[in-house]
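Structure first, then comments.
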């Protein structure tokens, strides 16, 4: 019986690979092509030399750093930036009919930010907490912003605002502005929700009136019922878990009437953070802010010398929202081996941050205050009192 013939090798695909490896390579190539196509939407070649254009806040147009050409941002209907979206129609999966896209992003383990990155970027540092971002960027789905407040402040102007802020701080070290490093000074578009609503609140409370005097002084309470109504417009809520309430309020106000319809041209050359707070959670935060304001309305409606709110029930109507991006310059600087964060409003140049204190200046101020109080005490004790 003749020996069995050897099995023929499986057919090989391109480059001598077996079929399953060839299919895996094609899938990988298709994924890379999709990522390149996605990022090509953020790349704008210069019509003069082909180099990448970047949005220039100082000129309000696209600028080529290679040949110094300027290209205007295409004009669109900016009325769309102010259109209010019905809240209840967009609650499905926190997105509903809102347009979505995939963005190549990295998540920060330190502060929870989700930052967009280009595949070719090598320096991956979180702009919010200065932590090193490890791993490779992955595609994440995000809601396409409806509107954007473009950067108006240049890097140089933001740096100047930072220096003026540091130099104006009481008890700051004399050389703080010189020592502060701004190597990581970068522009970031931060996501926010804005909410509108009409409120109608029934309440039960008490009005207090003080009677008597001395030891007989007391407060007489009268139960009252009432109703307060009022609208809320553009209640601003951070859509980022990395941005604190202190950060948001400290950089306010934001000129939201200057919003422009979202265009990727405004983001060219800047980072953008993906939203990490959903629509439903964002409206819950807005309602907590509204409740504080409504309580003020109730106290004013109760009147009297003192007020108590026993209970209240609020009905919301005409709830609408927008999803927007606002511009922030962020830097981390080191002084005497400690790290400090500083942020600059990209439209108004308002600054918020943390800074070091000079122990020498604090000691000098304390000593001067102690001496001044001693002199005042001596002068008072030296006055001849007639009695």
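Rounded, prolate or oblate: which fits segment 263-347 when a ≥ b ≥ c are the square roots of the eigenvalues of the alpha-carbon gyration tensor, with rounded for a/c under 1.5 and prolate only if a/b beats b/c?
It is oblate, given that a/c is not under 1.5 and a/b is not larger than b/c.
Assuming R0 = 41 Å, can you tell me the calculated FRET efficiency for the pair residue 66 and residue 99, based on Cβ-Cβ distance, to the nearest 0.05?
Calculated transfer efficiency: 0.80.
For an R0 of 41 angstrom, estimate the FRET efficiency from the Cβ-Cβ distance between residue 91 and residue 210 and round to the nearest 0.05.
0.25
Sorted from fewest to most neighbouring beta carbons within 10 Å, what does the list 154, 194 look like?
Least crowded to most crowded, the residues run 154, 194.
Which of 332, 63 comes first, and how do the rest follow, when ranked by fewest Cβ neighbours within 10 Å?
Ranking 332, 63 by Cβ neighbours within 10 Å, fewest first, gives 63, 332.
Sorted from fewest to most neighbouring beta carbons within 10 Å, what does the list 159, 275, 66, 88 look like?
88, 66, 159, 275
Would you mind putting 232-238, 342-348 in packing order, based on average other-beta-carbon counts within 10 Å, highest first?
342-348, 232-238
Compute the FRET efficiency between residue 311 and residue 257 as 1/(1 + (r/R0)^6), taking r as their Cβ-Cβ distance and R0 = 35 Å, and round to the nearest 0.05.
After rounding, the FRET efficiency stands at 0.40.
Can you pull the three principal axis extents for the Cα set of segment 221-297, in Å, largest first?
62, 25, 24
Only the coordinates and a few stated rules stand behind these numbers; no lab work does. This one's a predicted model, so the numbers in the text were calculated from it and none came from an experiment. Cβ atoms come from the backbone with ideal geometry, glycine included; neighbour counts cover every protein chain shown.
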